[in-house]
Amino acid sequence: MKLSSKNQNNITQPRPEFKIFNRWDVVTNGWYQVLDSKKIKKGKAIGVDVAGQHLVLFRGESGALYALDGFCPHMGVDLGIGKVVGEEVRCFFHHWKFDGKGQCSDIPCLSEKKLEIKTSAYCVQEKYGKIWVYPSSKAPYEILEVPELKGHEVTVSHGKSYKRKCHFHVTMINGIDPQHLSTVHNINMNMNVAIDSSEKDTIDIELEGQTPSSRTSERVVKALLGDRYAYSMKYQGGCLAALSVMKGVKLFNKWEVLPTLHMLFAYQSHIEGETIVQPIFLTKKRNFFIDRILLFFTKMAFKMLQGEDGEVYENIRFNTQNLLPIDAPVSKYIKYINSLTPSVWSRESAPEIKSSMRKKRELTV
Ligand code: FES
Ligand SMILES: [Fe+2]
């Protein structure tokens, strides 16, 4: 019998069970990337899977976007095959109609006006040329921005999405795992970890260090970019991360003229055992050619980092049994993930969701 790696070696190498971290049945509250903005035209509806949940996205005649639970609350037909009427969507099957808040506004076979039926509606936003959904009707914060780009207009390029065979909570550790930075990427860095609790559901991690100079290629980089450099990671909602690299580098160790490169990573999973990552490359808007060149270098930096340790995530059974003091950023990050809240898109087995699901079911039986 072939077991998935998560069930292998459970006796010889037991793992702690976390409340949220590395759990496939928990979907935390956060902004989830759905698809390109231009994929939904005015007056169109589309059925989409987001973090394992099926939704209908529709754009009203005004251009406003709405997101509702994907299955009609009458008999469960996919509302994605429905028709948009004004700012509402009409189910294909029996023509029940729903507004952007999920309120049923029309049942053709009934004459009474007062309808109690309501389906779940979700907060939806457009940013970076993408559509994003939050698993609640109200989002307590905006979609993550790279701190250095806050308030600036940005030029954006979308990378090709890719899959990983482990939970994204695990792949997200890559940027802050101090030991592998030197063993895999040959980067020796001092870690300064700053946790900013002023912004809900986020954690900031800043790393700075000395440019290595043991190999010829490293000495060339050092002569070009200077003695020291830094990079930072900012995580939001356990499903979105901003990475800024080449911070504080000096051209020929003198001039601070080189721009920092920025990337965002949007994570989600539809099925257990598979993570989907959408990279987004960003730069401050300058002019067409400079923006394209910087985005090209950002993409190159991403490809280089990705190529060096991608295979780690093909068969990892993440464990925290023997973490060392040097792994402190990893422990702090796991603590942060466990402080997040599970959303209503979590599976039934998730802690905190279990009992509320049971109650709901009792009411409908
Ligand atoms: S299934 Fe949608 S109106 Fe009946
Ligand atoms: Fe790495």
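The values are calculated or read from the model by the stated rules, or taken from the named source; none is laboratory data. Values in this document were obtained by computation on a predicted structure and should not be read as measured data. Don't worry about glycine lacking a Cβ; one is built from the backbone with ideal geometry, like all the others, and counts go over all protein chains shown. What goes into the accessible areas is simple: the full protein's heavy atoms, side chains included, and nothing from ligands, DNA or RNA. Shrake-Rupley method; radii C 1.70, N 1.55, O 1.52, S 1.80 Å.
Only helical DSSP H runs with n ≥ 4 go in: add -39500 (n - 2.57) per run for the chain, normalise by residue count and round the 222 nm mean residue ellipticity to 500 deg cm²/dmol. That calculation yields -5500 deg cm²/dmol at 222 nm.
For LYS44, neighbours were defined as the other residues whose beta-carbon sits under 15 Å from its Cβ, and their charges (Lys and Arg +1, Asp and Glu -1) total +1.
What residue among ILE81, ILE276, ILE131 has the largest mean-square fluctuation in a Gaussian network model of the chain, using Cα springs under 10 Å? Fluctuation is largest for ILE81.
Using a probe of 1.4 angstrom and keeping all protein chains present, the accessible surface of the stretch 205-364 works out to 54 square angstrom per residue.
Residue by residue, the stretch 10-21 carries 3J(HN,Hα) couplings of 5, 7, 6, 9, x, 10, x, 8, 8, 5, 9, 4 Hz when phi is fed to the Karplus relation 6.51 cos²θ - 1.76 cosθ + 1.60 (θ = phi - 60°); x denotes Gly or Pro.
Legend: translational diffusion of the chain by Stokes-Einstein, Rh = Kirkwood radius over C-alpha pairs, 4 °C, 1.567 mPa s; D = 57 µm²/s. The H on the amide N of GLY159, modeled in the peptide plane, is under 5 Å from the matching H of ILE280, PHE281, each at least 5 residues off or on a different chain. Phi angles across the stretch 271-285 convert, under the Karplus curve 6.51 cos²θ - 1.76 cosθ + 1.60 with θ = phi - 60°, into 3J(HN,Hα) values of 10, 4, x, 9, 9, 10, 10, 10, x, 10, 9, 9, 8, 5, 5 Hz, Gly and Pro given as x. In a simple Cβ point-charge model (Lys, Arg +1; Asp, Glu -1; nothing else charged), the stretch 32-134 has a dipole of about 320 debye relative to its Cα centre.
Number of Lys pairs in the stretch 32-134 with C-alpha atoms less than 19 angstrom apart, excluding same-chain neighbours closer than eight positions? Taking the stretch 32-134 as the scope, the lysine pair count is 27. For the chain, the fraction of 1.4 Å probe accessible surface lying on carbon and sulfur atoms is 55 percent. A Stokes-Einstein calculation at 25 °C with viscosity 0.890 mPa s, built on the Kirkwood radius of the stretch 32-134 over Cα pairs, returns a diffusion coefficient of 182 µm²/s. Here ASP49 and LYS254 are evaluated by their C-beta separation; at R0 = 56 Å the FRET efficiency comes out at 0.65. The slack in the chain from ILE117 to SER217, taken as 0.36 nm per residue of separation less the alpha-carbon distance, amounts to 29.4 nm. For ILE131, neighbours were defined as the other residues whose beta-carbon sits under 10 Å from its Cβ, and their charges (Lys and Arg +1, Asp and Glu -1) total +3. A cut-off of 5 Å between modelled amide H atoms, ignoring neighbours fewer than 5 places along the same chain, links THR28 with SER343.
Taking Cα atoms only, the orientation of helix 288-309 departs from the longest principal axis of the chain by about 80 degrees. Residue separation of ASP309 and HIS152 scaled by 0.36 nm, minus their Cα-Cα distance, works out to 53.3 nm of gained length. With the simple spin-label model, which puts each label point 7 Å out from Cα in the Cβ direction, the GLU348 to ILE81 separation comes to 2.6 nm.
If you model the stretch 259-330 as an ellipsoid using its alpha carbon gyration tensor, with each semi-axis the square root of five times an eigenvalue, the axes come out at 31, 17, 12 Å, biggest first. Counting Lys and Arg as +1 and Asp and Glu as -1 over every other residue whose Cβ lies under 11 Å from the Cβ of ASP291, the net charge comes to +3.
Here the relative contact order of the chain, from alpha carbon pairs under 8 Å that lie six or more residues apart, stands at 20 percent.
Packing-based ranking of 328-341, 295-308, 163-176 yields 163-176, 328-341, 295-308, ordered from highest to lowest mean Cβ neighbour count within 10 Å. Residue by residue, the stretch 225-233 carries 3J(HN,Hα) couplings of 10, x, 6, 10, 7, 9, 8, 9, 10 Hz when phi is fed to the Karplus relation 6.51 cos²θ - 1.76 cosθ + 1.60 (θ = phi - 60°); x denotes Gly or Pro.
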